[in-house]
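These notes are about the structure you will find just below.
Laboratory data are not the source of any read-out in this text; all were calculated from the coordinates shown. Computed from a predicted structure; not experimentally measured. Positions of Cβ are backbone-derived with ideal geometry, glycine not excepted, and every protein chain shown enters the neighbour counts.
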């Protein structure tokens, strides 16, 4: 039997190191397994919470009668995100079928909330929103949202080609239909200038495109679906003046024969609307055509003077 004299041979030392590593490897794997298990438990908990969440709104079952006219009515609508703090206060608004109406007002006045109620992301606390005479609460989501083309200020494009992003709402669209929609949105020319044209990958959330290009693709996507109602929430906010003018010309053609609801801070984009609604603190304080409102001494006329440089001063829009 060998004596322990405080020395180790190279061979014995190597064996000890090897045995130590062999012991640590399964312990490391066990730690990784425990970490994955904890992540699994956390993910499962979130999924279970999602399954246990009860919808606050009950989907209706009725379809819209065809052909869809696109008449919108808000009848004494009151709404708040936080109890006791109303965002809309008894708003009544009638948008006849086939007309273009615009909603303007300062930030926080309730413009986007009206759009969210129209898309039925929320229900009013009191009052009613109807489409072609039917309460939105009676309509199925597919019937309601299938009749609306929505262009948001915050454009979302997925990682795919330009063609796939435009055809998102109508996957079976032909090449001719896609290109026609792009032309209407003043997007066809810049798409052709991309490395692979309509087959160019736009990147996650469209990061390979400029803000104006993303917005024009979003407009083309909405146009392609040929909806009875077109909703534009600051649809020209990320484009230059020349592109804005081009989009306005195309929208003047696209909105013919269909109902259009526009939210805009640039008043020049909505001056040709059939009617303009001016919101302040959740209430309608003015309504009329551009010429009617600019001839008055109200908020819209003040905003118009500021934006056209006719007067000095600072008004938050």
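Summary of computed values
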| item | result |
| --- | --- |
| With Cα atoms, 0 to 90° folded angle of helix 211-224 axis to the chain main axis | 70 |
| Candidates 172, 233, 138: whichever shows maximal mean-square fluctuation once the chain is modelled as a Gaussian network with Cα springs under 10 Å | 172 |
| Angle between the chain longest axis and helix 10-52 axis [Cα atoms, degrees, rounded to 10] | 30 |
| Packing-based order for 31-38, 195-202, using average beta carbon neighbours within 10 Å, highest first | 195-202, 31-38 |
| The chain - Rg over Rh from alpha carbon coordinates, Kirkwood radius | 1.24 |
| Surface/4 of the Cα convex hull for segment 191-269, nm² | 5.7 |
| Cα pair distances exceeding 22 angstrom across segment 92-206, given as percent | 49 |
| Coarse-grained scattering of segment 122-185 at q = 0.16 Å⁻¹, given as base-10 log I(q)/I(0) from a Debye sum over alpha-carbon atoms | -0.74 |
| Distance histogram in 10 Å bins (all Cα pairs of segment 22-83, percent per bin) | 14, 18, 20, 17, 12, 10, 7, 2 |
| Helix 241-254 vs. the chain, principal-axis angle (Cα, 0 to 90°, nearest 10) | 70 |
| Sorted largest first, extent of segment 1-129 alpha carbons per principal axis (Å) | 104, 36, 28 |
| Chain lengthening between residue 177 and residue 23 when straightened (0.36 nm per residue, less Cα-Cα) | 48.9 nm |
| Inter-label distance, nm, simple model (7 Å from Cα along the C-beta direction), residue 249/residue 76 | 4.8 |
